[in-house]
Amino acid sequence: MAILLSLGTNQGNRQANLHAALEGLRALPGVSVTRCSPTYETEPVGLTDQPMFLNLAAEIETALAPLELLNAVKQLEGRLGRKPGPRWGPRTIDIDLILWNDLVLETGTLTLPHKEFRNRAFVLQPMMDIAPNAVDPLTGRTVAELAVAPGVLGVVRLLEQRTP
């Protein structure tokens, strides 16, 4: 298994934001995007009074270390217009590192696996399309098992089959 990312946007031209983020990931030195899920339209979670999101999952391979990739992704988000805002608030682009093989890591800036992914339909459903057998190293459960677990939050609707 490779590294799984979740991408989301709910401001501006959402499709163009996802496309630009994928192109930006492909342009990062030492990063190869190997698979992408279809795009889903999803209800906001947490701060619900905001526009609907578009989300997808991407699988990458990289020679970068986790914190190096995180820094590169944060710089990419900034170049694509992401501004600081409230937690769970609107954003032009959000790129989260979700799973990194069987790595378990907790630093002040990065936690792997991502702390909240197990409860988020907008993360799990797109991941189901590209990596249903990926295993959460903390629970031993696959993405497919997590996606149907009780308590998964959010409504997702397949928007388009093809990947940007």
For segment 61-83, which residues satisfy the criterion of being modelled with pLDDT under 95 and surrounded by 19 or more Cβ atoms within 10 Å (Cβ to Cβ)?
R82
If we ask which residues in segment 23-37 are surrounded by fewer than 22 Cβ atoms within 10 Å (Cβ to Cβ), in contact (Cβ under 8 Å) with a residue 12 or more places away in the chain, in contact with a strand residue (DSSP E or B) (Cβ under 6 Å, 6 or more places away or on another chain) and not in a strand (DSSP E or B), their number turns out to be 1
Would you call L7 over 21 Å from V152 (Cα atoms), surrounded by 14 or more Cβ atoms within 10 Å (Cβ to Cβ) and either at pLDDT below 95 or of a type outside the set (S, T, N, Q) (or both)?
no
Could you tell me which of the residues G85, G78 is more than 25 Å from R157 (Cα to Cα), in a loop (DSSP other than H, G, I, E, B) and either among the acidic types (D, E) or out of contact with any strand residue (DSSP E or B) (no Cβ under 7 Å at 6 or more places or on another chain) (or both)?
G85
Identify, by number, the condition in (1) within 16 Å of the chain's Cα centre (by Cα); (2) touching a residue at least 12 places away in the same chain (Cβ under 8 Å); (3) more than 23 Å from N119 (Cα to Cα) that N71 doesn't meet.
(2)
From the list P86, P113, P150, P126, pick out the single residue that is touching a residue at least 12 places away in the same chain (Cβ under 8 Å), surrounded by fewer than 17 Cβ atoms within 10 Å (Cβ to Cβ), closer than 23 Å to P44 by Cβ and of a type outside the set (D, E, K, R).
P86
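The values are calculated or read from the model by the stated rules, or taken from the named source; none is laboratory data. Owing to the predicted nature of the structure, the values given are computational and were not obtained by experimental measurement. Glycine also receives a Cβ, built like all others from the backbone with ideal geometry; neighbour counts cover every protein chain displayed.
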